[in-house]
Amino acid sequence: MQTRSLSSDPAYDDRARSRSLAATALALIRLGRLHFLAGGVLLHLLGVAMALYAGAPLNVAALLWGQIAITATQVMTHYANDYFDLDADRANRTPTNWSGGSRVLVERAVPPHLALRVALGAASVALVANLVLSLVVQPGLTTFALLGLAQLAAWFYSAPPLRLHSRGLGEATTMIVVTLLTPLTGYALHAGRVDLLPLLVSAPLCCLQFAMLLAIEFPDAEGDRLAGKQTLVVMFGGATAIRLYVGFVCAAFLILPALVALGLPAANALAVALLLPLAIGLLWHARRGDWRRPERWNGFAFHTIVLLMASAAAQFGALLLLIGTR
């Protein structure tokens with residue numbers, strides 16, 4: 001009696017194909033590093049809270065479409081970075097949970113062209129959301145320019161021909177897009193204008209974002225150098241980069257009195273100041289040389305990220321308290 005091999009069984013082929021498609025889909029999701037999207041939500045809501053504190057009414061359409069534009073831009077950036085930084089990620093032998101890319105393309109779990117297609121799809125969603133916001137929800141050039149600038153800067157952070165992260169501009173670009181333009185967008189979509197308040201609220205966050213970027217670049221330095229990716233850690237070396245790190249962490253707290261004098265609510269300054277013990281702990285770890293020690297890289301970056309996100313959350317909470325008690 002003849003037997004048919006499993007490999008020639010159509011049902012077996014269908015099951016194998018389904019498992020392959022499921023594995024590819026899961027890998028694509030992992031490539032997107034969706035847990036990082038929470039930061040964009042928090043910073044957007046911080047901008048909305050600033051607008052409500054300034055007297056603007058809540059605009060649900062602006063809130064929803066604004067978040068679509070911001071999240072789509074983040075998703076675009078994640079997939080585009082893994083695609084355009086593949087050589088650097090392959091050369092990186094010391095990735096952490098926060099650096100070195102998702103590792104999905106390095107592990108060949110997904111063909112690189114799929115990452116690029118998802119990035120372009122997300123870019124299209126971001127552009128559509130921008131057009132809806134700037135033509136219908138909060139019409140005007142300011143809306144289009146804020147979102148358009150963020151989207152272009154996020155794309156060319158790693159994409160040619162600009163590849164801003166390979167020209168020593170990656171840290172400044174990310175700082176501006178993430179901790180300045182994101183809350184500023186949330187503010188402008190509700191208030192209909194750009195004011196000093198979001199700049200004041202964002203200032204310490206920008207300092208901490210810059211420090212955080214340096215913290216996550218130490219593990220990547222050798223791979224980035226081999227691939228020609230000119231981060232500040234690669235350009236100036238670890239010793240200079242850690243001094244920059246210390247300087248920006250200190251600046252986030254030292255500028256608070258000046259910011260209050262310019263109009264930052266005292267409650268916001270106090271909310272950030274309460275996180276000083278965490279900052280002091282990070283400075284101690286920096287002085288101890290954790291940036292040189294691979295076994296410390298993951299924790300050093302994580303706690304720097306916590307300091308940034310806690311500062312944003314603390315200011316968000318302070319604004320809600322001010323809104324609720326006036």
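Quick notes
- Positive dipole terminus of the chain, leading residue within Ala80, Gly47, Met212 (C-beta point charges): Met212
- Size descriptors for the chain, from the alpha-carbon set: Rg then Dmax equal 21.8, 92 Å.
- Cα long-axis angle, helix 60-84 against the chain (0 to 90 degrees, to the nearest 10): 50 degrees
- 37 °C / 0.692 mPa s Stokes-Einstein diffusion coefficient of the stretch 201-318, Kirkwood radius on C-alpha pairs, µm²/s: 224 µm²/s
- Percentage of interatomic Cα-Cα distances in the stretch 122-275 larger than 25 Å: 41 percent
- Nearest 10 degrees, 0 to 90: helix 182-191 Cα axis against the chain principal axis: 60 degrees
- Protection proxy ranking, peptides 131-141, 208-218, average beta carbon neighbours within 10 Å, highest first: 208-218, 131-141
- Whole-Å distance, taken between Cα centres, linking the stretch 183-208 and the stretch 97-126: 30 Å
- Size of charge dipole - the chain - debye, nearest 20, with Cβ of Lys, Arg +1 and Asp, Glu -1, no other charges: 300 debye
- Relative frequency of Cα-Cα separations exceeding 13 Å in the stretch 245-300, percent: 63 percent
- On the stretch 225-326, 70 percent of the accessible area sits on carbon and sulfur atoms, based on a 1.4 Å probe.
- Probe 1.4 Å, accessible area per residue of the stretch 19-95, Å²: 44 Å²
- Tilt relative to the chain, helix 276-288 - C-alpha long axis, 0 to 90 degrees, to 10: 60 degrees
- Highest mean first, the peptides 71-77, 35-41, 296-302, 310-316 sorted by other C-beta atoms within 10 Å per residue fall in the order 71-77, 310-316, 296-302, 35-41.
- Helix-only mean residue ellipticity at 222 nm for the chain, each DSSP H run of n ≥ 4 adding -39500 (n - 2.57), per residue, nearest 500: -23500 deg cm²/dmol
The values are calculated or read from the model by the stated rules, or taken from the named source; none is laboratory data. Fair warning: this is a prediction, and the values are worked out from it, not measured in the lab. Quick reminder, even Gly has a Cβ in these numbers, built from the backbone with ideal geometry, and neighbours come from all protein chains shown. Accessible surface areas use protein heavy atoms only, side chains included; no ligands, DNA or RNA. Shrake-Rupley method; radii C 1.70, N 1.55, O 1.52, S 1.80 Å.
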